[in-house]
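Colleague: The structure under discussion is supplied below as structure tokens; questions concerning it will follow.
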Amino acid sequence: MSISEITANELDVEKFIKDKAAGISEAVGNDTAINALSGGVDSSTVTLLGHMALDKKLKTYFIDNGLMRKDEPQEVVSIFSEMGVNVEIIDARQEFFAALKDIDDPEKKREAITQTFYKKVFGRLVKESGAKHLLQGTILTDVDETVAGIKRQHNVFEQLGIDPQETFGYKIIEPLLQLRKDGVRKVAEGLGLPEVIFNRPPFPGPALAARIIGAVTPEDVELVRHATVIMEEVFGDMDSFQNMAILHKDRVTGMRNGMREFGRQIEIRCWESTDARTATPMRVDYKTLFYLADRITKEVQGVVSVTYHIAEKPPSTMEVV
Ligand code: XMP
């Protein structure tokens, strides 16, 4: 089934909100639904649309997979609590780390995350709550890239011929499927979400696992998480689409205090883009890059190299795995 795109330009936000809320309400009927909020603009928009349509018939969870940025679960939950939306944090850290153990291959990592998320964690939540539907914020770019075989986005099923009802035991409702990121931001603003949400830089479903080349361990997540905090502080008001710190698998020879240190390597990417289909590295000034490298090598234990990515998408992609 082909999806008819609604571009940000032609989007009538009010009508879209009204139509989609009615669609969700009709699809769920007298049943109940659940959804997972990550704090990104897509899942935040779906959360608010869903609560508008379903009120108490929707239960929202934040799945703490151990791969989120520093303090992210608590911060997101508190933003939504201020808007009157109650979100329960599910601690699934051990399950995700166990599923990712020793998996090196990017697509296998994505598959492990997908299975843990949809089959194990959601499967359990659906059973416990009696919900029949899962609401999620898949957008058109996720579908395009998955179908084209570029990257298996963790949230795409039907377009790959996977029936969620058969595979996971629940139906999936995807109200944002016709939009791209710029359209979703308009809907988010129209719904009254705060600017920290409607202008939030994208963050991928596989979270920091998408920013580690090779197998994911709790120690390496901590390392890339720390580098991400510093990168976000230094790039704070950068007018970019998305910034990221990536941990490489290879070690490189460095030196510290006159001694050899066979250390870790962080790659920084800072993208300009409107819809993530194509992207260009931002021309960040050297002073900022040098300051960032200085802080990362001094503050993140074991890192002796920091590089800046300068290839465009395509042929590059934005995330590294
Ligand atoms: P790529 O790396 O495909 O990224 O050029 C394009 C946009 O999609 C995000 N991304 C993902 N988002 N699940 C997601 O929800 C994924 O598996 C995934 N992979 C990439 C990426 O952060 C960028 O904004």
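Colleague: Counting only heavy atoms of protein chains, what accessible area per residue, in Å², does the range 13-198 have with a probe of 1.4 Å?
Modeller: Solvent-accessible surface per residue comes out at 44 Å².
Colleague: Quick one: putting +1 on the C-beta of Lys and Arg, -1 on the C-beta of Asp and Glu, what dipole do you get for the range 1-82 around its Cα centre, in Debye to the nearest 20?
Modeller: Result for the range 1-82 is approximately 240 debye, rounded to the nearest 20.
Colleague: If you don't mind, there's one more thing I want to ask. For K298, give me every one of the lysines with a C-alpha distance below 28 angstrom, ignoring sequence neighbours fewer than eight places off in its own chain.
Modeller: Partners within reach: K70, K249, K287.
Colleague: Using the Cβ atoms and a cut-off under 13 Å, what net charge is assigned to the surroundings of H154, where Lys and Arg are +1 and Asp and Glu are -1?
Modeller: Residues close to H154 contribute a combined charge of 0.
Colleague: Run the 1.4 Å probe and let me know the accessible area of F97, rounded to the nearest 10 Å².
Modeller: 30 Å²
Colleague: Now for a different question. Treating the range 214-259 as a set of equal point scatterers at the Cα positions, no solvent, please give the Debye-formula log₁₀ I(q)/I(0) at q = 0.22, 0.29, 0.32 Å⁻¹.
Modeller: The Debye formula, applied to the Cα set alone, gives -0.89, -1.03, -1.10.
Colleague: Between M255 and T141, how many nm apart are label points set 7 Å from Cα along the C-beta direction?
Modeller: With each label point 7 Å from Cα toward Cβ, the separation is 4.3 nm.
Colleague: How big is the antiparallel share of DSSP beta bridges in the range 212-308, given as a percent to the nearest 5? All intermediate terms of the calculation are to be shown ahead of the outcome.
Modeller: Values: 13 of 19 bridges.
Bridges in the range 212-308 that DSSP calls antiparallel: roughly 70 percent.
Colleague: Could you compute how much accessible surface R251 exposes when probed at 1.4 Å, giving the result in Å² to the nearest 10?
Modeller: Spelled out: R251, probe radius 1.4 Å, area about 120 Å².
Colleague: How big is the antiparallel share of DSSP beta bridges in the chain, given as a percent to the nearest 5?
Modeller: 40 percent
Colleague: Now for a separate question. Keeping the other protein chains in place, figure out the carbon and sulfur percent of the accessible area of the chain, with a 1.4 Å probe.
Modeller: 50 percent
Colleague: Can you give the Rg to Rh ratio for the chain, taking only C-alpha atoms and Rh from Kirkwood?
Modeller: 0.97
Colleague: Placing unit charges on C-beta atoms (Lys and Arg positive, Asp and Glu negative, everything else neutral), compute the dipole magnitude of the chain about its Cα centre in debye, rounded to 20.
Modeller: Dipole size: approximately 620 debye.
Colleague: In the range 1-137, what percentage of the DSSP-assigned beta bridges are antiparallel, given to the nearest 5? Mind showing how you got there, number by number?
Modeller: Values: 0 of 12 bridges.
Around 0 percent of the beta bridges assigned by DSSP in the range 1-137 are antiparallel ones.
Colleague: Could you compute how much accessible surface K119 exposes when probed at 1.4 Å, giving the result in Å² to the nearest 10?
Modeller: Its heavy atoms expose roughly 110 Å² to the probe.
Colleague: Separate question: By the scheme Lys and Arg +1, Asp and Glu -1, what is the net charge of all other residues having a beta-carbon under 13 Å from that of G130?
Modeller: Working: positive: K57, K59, R124, K127, K132; negative: D31, E128.
Net local charge, G130 excluded: +3.
Colleague: If you don't mind, there's one more thing I want to ask. If the cut-off is a Cα-Cα distance under 21 Å, which lysines reach K56, setting aside same-chain residues fewer than 8 apart in sequence?
Modeller: K18, K20, K127, K132, K171
The values are calculated or read from the model by the stated rules, or taken from the named source; none is laboratory data. Nothing here was measured: the structure is a model prediction, and the numbers come from that model. Quick reminder, even Gly has a Cβ in these numbers, built from the backbone with ideal geometry, and neighbours come from all protein chains shown. Remember, those area values only see protein heavy atoms, side chains included, never the ligands or the DNA or RNA. Shrake-Rupley method; radii C 1.70, N 1.55, O 1.52, S 1.80 Å.
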